[in-house]
Amino acid sequence: MKKRSVLFLVLIAVLLISLSVALLFFGGLGARSKDPLQSNQSGGQQTGQPSATPDPDDILRQNGSIPIPPSASDPKNASCGPLQVHILNVSQADAILIITPGNKTIMIDSGSHMKKNSSSYMLAYLKQSGIKRIDYLIATHYHEDHIGGMDDLFKSFDIGAVYDNGNCGNYSSAVQLSFEGYALSRNFTHVKTDMDLPADPCLDAARLIVAYDRPQGCWPSSKESSNENDNSILLRLAYRNASFLFAGDCEADCEAELVRQGTYLGSDFLKVGHHGSATSSTKPFLDAVGAAYYAISVDRIRSISDGYFHPRKESLSNIYEAGGFGSGLSKIFRTDLQGDISLVSDGDAIAIRTGTDATNCQLFSGYSSSDKSSYGPIPALAGSCK
Ligand SMILES: [Zn+2]
């Protein structure tokens, strides 16, 4: 009996050892088979950047010919996330939120109280985005559709540095005085000449641009402009290989002066000047920018009632020609057709999402300055409408 018991125990022990080895082997295979997936997931979370193979519908540019971005092992670059730009749908007005790669916030203009009270929409958007502080607030110029909602911003957010164009026209309406009243108690800078915005070391450029230098805080008499739109501050941002130009309401004289001075304007993306008016988006300016992607902040219905008839076919045609729309390399986005326009870039690719979708035919519809009763596709592009 003892020998049988010993043999039985030995047999049990052999079976247990075999079972353990088998479990370890198959269990180990299972763990190894998960490693690549786990590795990929953690890698994506660490970078916090758009996928290397983004959705084709969202990606507007994937330029494989440009240099590879600096190594993420560089501490400066490792801490730099994506650049976000949000062109808010604020009717016939401007309000643009920028979140820099180093997580600073820049706000260009503030919507309006007069145009559908769009500043309230802006406020809701910012709060929903989790914005608590605006590090840099830029008032492009002293018109209500750009500074009308500034009081809402000052009341609702911690505001850092404020930049304006110096109020050259000495405007004194309630909304203008209100803005200056708030701004004067902050770190307030009048942009008298081109200057860098000290926004974020992750950015390769953050340049505030004015068409006319104003050493005395206002226009030199020889270049005096009675058009406040031409006093607009422009902002050009560059992040690695992706660049963005925001043109305020800069019109033809402003555009021509920037081109004459040779101001560097080259950008992949252009926030079109002055809501797509026929007095902006001149061909030489668009050629100097050379953008592939365009956004127009406009409210066609409101613009009709205001008598502006934006966007105009003339400017849309110029953008079409400059951007080579139809080649598949460029697109125009409009807030009135597509709602909020959000761009995200890792410094190479630029992904754009909009609130709604629209056809290219709609995108190229506008009024002709010679026929304000018309609205429809640009005749030269009618063939592209299906
Ligand atoms: Zn405007």
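Residue 226 meets each of the listed conditions (1) among the polar types (S, T, N, Q); (2) out of contact with any strand residue (DSSP E or B) (no Cβ under 6 Å at 6 or more places or on another chain); (3) at pLDDT 95 or above; (4) surrounded by fewer than 22 Cβ atoms within 10 Å (Cβ to Cβ) apart from (3).
Of all residues in the stretch 114-137, exactly one satisfies the criterion of being of a type in the set (A, V, I, L, M, F, W, C), within 16 Å of the ligand (Cβ to nearest atom) and not in a helix (DSSP H, G or I), namely 114.
In the stretch 153-164 there is at least one residue that is under 14 Å from residue 97 (Cβ atoms) and over 21 Å from the mean Cα position of the chain (by Cα). Here is the figure for the stretch 124-155: residues that are over 21 Å from residue 228 (Cα atoms) and surrounded by fewer than 23 Cβ atoms within 10 Å (Cβ to Cβ) total 14. The residue of the stretch 156-174 that is farthest from residue 138 (Cα to Cα), among those that are modelled with pLDDT of 95 or more and crowded, with 21+ Cβ neighbours inside 10 Å, is 159.
Only one of the numbered conditions (1) closer than 22 Å to residue 118 by Cα; (2) modelled with pLDDT of 90 or more is not met by residue 351, and that is (1). Of 269, 309, all but one fail to be modelled with pLDDT under 95 and hydrophobic (A, V, I, L, M, F, W, C); the exception is 309.
I need the full set of residues from the stretch 343-369 which are surrounded by fewer than 18 Cβ atoms within 10 Å (Cβ to Cβ) and closer than 16 Å to residue 244 by Cβ, in order please. Before the answer, list the steps.
From the stretch 343-369, those surrounded by fewer than 18 Cβ atoms within 10 Å (Cβ to Cβ) are 353, 355-362, 369; that's our starting set.
353, the sole residue that qualifies.
When the stretch 82-113 is limited to residues that are among the hydroxyl-bearing types (Ser, Thr, Tyr) and touching a Leu at 6+ places or on another chain (Cβ under 8 Å), the one that is nearest to the ligand (Cβ to nearest atom) turns out to be 110. Within the bounds of the stretch 160-171, is there any residue that is at positive phi, touching a residue at least 24 places away in the same chain (Cβ under 8 Å) and out of contact with any Cys (no Cβ under 8 Å at 6 or more places or on another chain)? Yes, that holds for at least one residue. Scanning the stretch 252-295 for residues that are over 23 Å from residue 98 (Cβ atoms), within 16 Å of the ligand (Cβ to nearest atom) and without any contact (Cβ under 8 Å) to a residue 60 or more places away in the chain yields 252, 253, 277, 279.
The values are calculated or read from the model by the stated rules, or taken from the named source; none is laboratory data. In this text, all values refer to a predicted model and were calculated from it rather than measured experimentally. Every residue, glycine as well, gets a Cβ built from its backbone with ideal geometry; the counts of neighbours run over all protein chains shown.
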